[in-house]
Structure formats: C-alpha cells, structure tokens
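The values are calculated or read from the model by the stated rules, or taken from the named source; none is laboratory data. Treat the numbers as computed from the prediction; the structure is a model and nothing was measured. Cβ placement follows ideal geometry from the backbone for every residue including glycine, while neighbour counts extend to all protein chains displayed.
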Amino acid sequence: MTTAREIMNAGVQCIKEDQSLLDAARMMRELNVGSLPICGKDDKLHGIITDRDIVLRCVAEGRDPASMKAGDMSGHLHWVEADDELSHVLRTMEDNQIRRLPVIEDHRLVGMVSEADLARHLDESQIAEFVERVYAR
C-alpha cells in the first residue's frame, strides 16, 4: 500500500494569508513552483494559490497584485491525509480535476502531491487514465 506520504514532496513552503499576491508570485519564481499553499496565523492550511489564479483573478482584472492578499484568493480546498492510500489521492485529484494536492497530518501541512510525483509512482496506464480524467473534461 503506497501512501500520500511516500509520494509527496515534503519541501513545501506556505505563503501567509496576509501576504500579497506579489509576494506569492516572487516566492513561486524563487521556488520554481506553480502553486503555493496558503497558511493562516494558526499555521494551518487555509487554501492554495496558483500562478494561474494570480494572472486570471488579479492581473487580468486590472487589480494590483501588491495590494491583494493571498487569503483573498482562497477557494474550495481539497487535501488528503498523509496516510491516505495512493488510490484515494488519485481519486481526489481526478474527481476534482486538480493537479496539485496538499497533504496534511494532525491538521498541519506536511507536503504536496503533484503530477510529477504521480508520474514517478504510477505505471503508464494509470498515468494515461489520470491525464484523461483531469484534462479531458
């Protein structure tokens, strides 16, 4: 039984909900990632923000990324527990058509599962099925 903990990237950094989208964009550039978890003052996961969110929901609407807060971008959040099985991770990502999935343990963020993580742990048919379910709709 493969778990989320076994395939996740544990080196995840949060952006605080009161930091700006400009800060988020700079963090993404420095970390070479396309998304960041949003953590609250309680250090718990409050959301996730993607580079696409910043472009479409801020810049394209003529808003100022220096004045918008990461916490303003939080939408519906999906996650898995660190000990959840790989099948549950896949189902969650496929059912919700998401490419990055936070992993929590004891209500704290401990990692993130991405498409690249899945590619390293799935066989070709599983990867093909994942791609079809996430991208085909």
Check your understanding: What is the residue count in the stretch 120-137 for residues that are surrounded by 11 or more Cβ atoms within 10 Å (Cβ to Cβ) and assigned to a helix (DSSP H, G or I)?
Key -> 10
Check your understanding: What is the residue count in the stretch 52-74 for residues that are more than 20 Å from VAL110 (Cβ to Cβ), touching a strand residue (DSSP E or B) at 6+ places or on another chain (Cβ under 7 Å) and modelled with pLDDT under 95?
Key -> 2
Review point. Regarding ILE38, is this residue among the hydrophobic types (A, V, I, L, M, F, W, C) and either under 14 Å from ILE104 (Cα atoms) or over 14 Å from the mean Cα position of the chain (by Cα) (or both)?
Key: yes
